[in-house]
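Presented below is the structure to which this report refers.
The values are calculated or read from the model by the stated rules, or taken from the named source; none is laboratory data. Keep in mind the model is a prediction, meaning the values are calculated, not measured. Neighbour counts are summed over all protein chains in view; Cβ atoms, including those assigned to glycine, are modelled from backbone coordinates with ideal geometry.
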Amino acid sequence: MLSTTFRILTLCLVLPLLAACDSGDPDDGPQSVDPGNASAVSSLLNLVGGERAEGSPPAPSSADEAPDVSAGASAVSIQPGGRLTLNFAYADGSALAGYYLAVVGADDYFNVPFSGDAAASGTASLAFQIPASLGDGSFDVAYCVYNSDGLVSNIITTTVSLSGNAPGNVDAGGEDSSGGETDGGELSWTENAVSLRGNNGARYRFDCPANGTLRTVWGTDLYTDDSSICTAAVHAGEITQAGGSVVIEIRPGAESYTGSERNGVTSSNWGQWSGSFLFP
C-alpha cells in the first residue's frame with residue numbers, strides 16, 4: 001500500500017478590526033474575542049479553498065471501507081499569536097478527497113476538498129495561526145476526512161487552550177517521520193517539564209548528555225512534571241546514564257503518583273500534582 005506525507009491546508013484565524021466604542025474614548029482599544037464563543041471563533045476562520053456550510057458536518061460512515069483517522073492530539077496549549085500544527089495519520093482503501101472541520105458548538109462547518117493526489121494511507125496536518133488578540137480560554141476543533149467514494153472517517157477532537165504562559169508554537173500529534181515532535185535540544189539532568197505544563201498532548205524530543213547524575217523523580221510511567229526528565233527516562237528504560245534522545249508527551253496533572261524501583265532508579269510516591277509527562 002502506498003504511503004505519503006502531505007500538508008492539507010493552512011488555516012488562518014483572521015481577526016477583523018473592531019470599531020471604536022461610541023464613547024470615543026481614545027484609551028479604549030480593540031476588544032478580544034472570547035474563545036469560548038464557538039460561533040464567534042468559527043466566524044473568524046478563513047480556510048483557503050474551503051466552503052462554509054450551515055449545520056454540522058456529515059456523520060462518520062459505518063461501512064468497513066470508510067477511512068480511519070488516528071494519532072491526533074487530544075489537547076494542546078499555545079499562546080495567542082502562536083502557530084499550531086496538528087498532525088494525524090489516516091488509512092483508507094481509496095484516494096483521500098478532502099476533510100470537514102468545525103469548531104465544536106458552532107452553527108456551521110467547513111468542507112475543504114483536497115485538490116492534489118493522495119495515496120490510500122499516510123499522514124497529514126492542519127496548521128492554525130492563532131491571532132494575538134484572541135483572549136485566553138479554550139475551544140474545541142473537530143475534524144475528519146472523506147474519500148473519493150464519499151465515505152467519512154471517524155472524528156478527531158482537539159482542545160486548543162490559549163494562555164500567555166503557554167509555548168509560542170506547537171507541533172503535536174501524528175505519526176509522520178518527525179513524530180509530530182518539537183525539538184527541545186540538549187537537556188541537562190537537572191531540568192524538568194514544568195515550563196511545558198498545560199501543553200497537553202504535545203510531544204518534545206530532548207537529548208540527555210552522557211554521564212548524567214541521577215536526580216529526583218516522582219511516579220511510574222506517568223511522572224510529575226517537576227521530575228528530572230533524563231532521570232525519569234532511565235527509570236522508564238528509555239536510556240541509560242550514557243545518555244541519549246528521549247521523547248516526552250505532556251499530560252494533565254493526576255490525583256496521585258506511585259513510586260517504584262526500575263533500572264537502578266528509585267522513584268517516589270506523590271499526591272495530587274498539577275502537571276505530568278510520560279514517554280509515549
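For region 141-162, name all the residues that are surrounded by fewer than 17 Cβ atoms within 10 Å (Cβ to Cβ) and under 12 Å from the mean Cα position of the chain (by Cα).
Thr157, Thr159, listed by residue number.
Looking at region 182-194, is at least one residue of a type in the set (A, V, I, L, M, F, W, C), buried (at least 21 other Cβ atoms within 10 Å of the Cβ) and at pLDDT 85 or above?
Looking through region 182-194, at least one residue is of a type in the set (A, V, I, L, M, F, W, C), buried (at least 21 other Cβ atoms within 10 Å of the Cβ) and at pLDDT 85 or above.
Just the residues that are assigned to a loop (DSSP other than H, G, I, E, B), in contact with a Gly (Cβ under 6 Å, 6 or more places away or on another chain) and surrounded by 17 or more Cβ atoms within 10 Å (Cβ to Cβ), please, taken from region 35-50.
Within region 35-50, Pro35 is the sole residue that qualifies.
Looking at region 76-98 only, could you name the residues that are over 30 Å from Leu196 (Cβ atoms) and in a strand (DSSP E or B)?
Of everything in region 76-98, those that are over 30 Å from Leu196 (Cβ atoms) and in a strand (DSSP E or B) turn out to be Ala91, Leu96, Ala97, Gly98.
Going through region 195-215 one residue at a time, which ones are surrounded by 16 or more Cβ atoms within 10 Å (Cβ to Cβ), in a loop (DSSP other than H, G, I, E, B) and at pLDDT 85 or above?
Across region 195-215, the qualifying residues are Gly212, Arg215.
Here's a check for you: in region 106-120, which residue that is touching a Ser or Thr at 6+ places or on another chain (Cβ under 9 Å) and within 19 Å of Asn46 (Cβ to Cβ) is modelled with the lowest pLDDT?
Among those residues, the one meeting the criterion is Phe110.
Out of Ala73, Ala66, Ala53, I need the residue that is in contact (Cβ under 8 Å) with a residue 12 or more places away in the chain, under 15 Å from Ile155 (Cβ atoms), over 19 Å from the mean Cα position of the chain (by Cα) and outside any helix (DSSP H, G or I). Which one?
Ala66
Just checking, does region 225-241 include any residue being assigned to a strand (DSSP E or B), at positive phi and touching a residue at least 12 places away in the same chain (Cβ under 8 Å)?
Checked region 225-241: no residue is assigned to a strand (DSSP E or B), at positive phi and touching a residue at least 12 places away in the same chain (Cβ under 8 Å).
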